[in-house]
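As structure tokens, the structure follows; a few thoughts come after it.
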Amino acid sequence: MGDRKGGFWYKELFPFTAMVATQCINVGVSIIFKAATLKGLDFHVFMLYSYCISALLFLPLCCYSHRKSRLPPLTIGLLGRFLFLGFLGFSGQYLGYIGIEYSNPTLASAMTNLTPASTFILAVLFRMEKLEMKSWTTQVKIIGSVITIAGALLVVLYNGPVLIRSSTSSASVLAQHPALVTITGGTKHSDWVKGGALLAVEYVIVGLWCISQAKVIADYPAELAVVFFYNLSCVILAAPACLMGVTNSSAWNILKPDVRLYSVVYSGVMGSGFGILIQTWGVHIKGPVYIASFMPLSIAIAAIMGFIFLGDDLYLGSVIGSLIISLGFYALIWAKAKEDCEKGNEFGASSSQNAPLLGQYDESTNEGRASAIA
């Protein structure tokens, strides 16, 4: 009984709590990034500094934690997969930060709801999920994915009237910072559509990143090491792009203690650092579709935080689209839960064979990790 209770805490309750905390961290990064851009921080500077902080933070943690561990050798192929993982992470975030500049963190969080559907579709293509058209759970997952995508398109293409207007609206904030008008350009509607399109591409890439991360962690079951090599790869890839993207050398000077410095430190430690670490651990334990399913929670978090801290208005289109997205999301997750339950009842304890991402991992002992490595 004790083992079952411990297994429940480790395999169910703890991952659930950790994923909710991760969404709070991610929304916090978007909020503080938007606030920092209003103070003149270039997103190229933000990204490169964040990756550097994360890599420097996790290098000693990785060395200390795995000093006695038996880890697979770092082959050229494995280093190439780390580099590809870094490419996906960097390119997705690059597009995402541009999208936030064109729109706001609330829209960015609404678009995260594309990730469960895109991750599920990619998991099917990579044969990590079975697609049995005669199964009613498969049909519900497909319908849920279509509804999620439709809701995301509605959020992007339909703004609608303002439901709740902040006392310090985004328009007044932009008026106080003409540089942002130059960055975004065009009309407000075109900016909204452009930002939404970029964010949609980002979260499709995020789905591919989750799938790739799952394959990497299955072959190299050391979360701290994976996060370190991921951030190191991002530094290598981001350095030339970000250095060329900033023409003013003074933009790199952010040592003054204000929101710009705080945003970089927070993103490096919590976003690219421990946020990615929690997601990597979650992928190892529960799989990529489970991790992606929690991203819709960021809608409510971002709406509240954006309204309070950034003065973002709440639009009817965002509310309706978010409700549609949530409907598709819960249909997808409900079908996934029913499918896992049916597999568990059919195969019992041997159901771990149907979860290739878990390998032979046993959370209660170190033997599981050793057997997965061997």
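The values are calculated or read from the model by the stated rules, or taken from the named source; none is laboratory data. Everything numeric in this text was worked out from a predicted model, so none of it was measured. For neighbour counting, all protein chains shown are included, and Cβ atoms are generated from backbone atoms with ideal geometry for every residue, glycine included. Please note that ligands, DNA and RNA were not included when accessible areas were found on the heavy atoms of the full protein model with its side chains. Shrake-Rupley method; radii C 1.70, N 1.55, O 1.52, S 1.80 Å.
Listed values, structure above:
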read-out: Of all accessible heavy-atom area on segment 4-101, the percent that carbon and sulfur account for (1.4 Å); value: 72 percent
read-out: Across 39/194; 194/256; 68/256; 68/286; 215/338; 134/215, pairs whose alpha-carbon gap is larger than 30 Å; value: 194/256; 68/256
read-out: Which of 102, 64 is most accessible, then next, and so on - probe 1.4 Å; value: 64, 102
read-out: Amide proton proximity set for residue 315, modelled H, under 5 Å, gap of 5+; value: 163
read-out: Karplus 3J(HN,Hα) series, Hz, for segment 271-286 with 6.51 cos²θ - 1.76 cosθ + 1.60 (x for Gly, Pro); value: x, 6, x, 6, x, 5, 4, 5, 5, 5, 5, x, 4, 5, 8, 10
read-out: For segment 207-303: accessible area per residue (Å², 1.4 Å); value: 33 Å²
read-out: Inter-probe distance in nm under a simple model that places probes 7 Å from Cα toward Cβ, at residue 17 and residue 236; value: 3.7 nm
read-out: Carbon/sulfur fraction of accessible area - segment 200-266, other protein chains in place, 1.4 Å, %; value: 70 percent
read-out: Residue-wise HN-Hα coupling along segment 132-146, computed from phi with Karplus coefficients 6.51, -1.76, 1.60 (Hz; x: Gly, Pro); value: 9, 4, 7, 7, 5, 5, 5, 5, 5, 5, 5, 4, x, 5, 5
read-out: Pair residue 24, residue 66: separation of 7 Å Cα→Cβ label points (nm); value: 2.9 nm
read-out: Calculated FRET value between residue 158 and residue 84, using beta carbons and R₀ = 35 Å, to 0.05; value: 0.45
read-out: Accessible-area ranking of 33, 274, largest first, probe 1.4 Å; value: 274, 33
read-out: Label-to-label distance, nm, for residues given as residue 246 and residue 258 (7 Å Cα→Cβ offset); value: 1.5 nm
read-out: Calculated FRET value between residue 218 and residue 56, using beta carbons and R₀ = 25 Å, to 0.05; value: 0.40
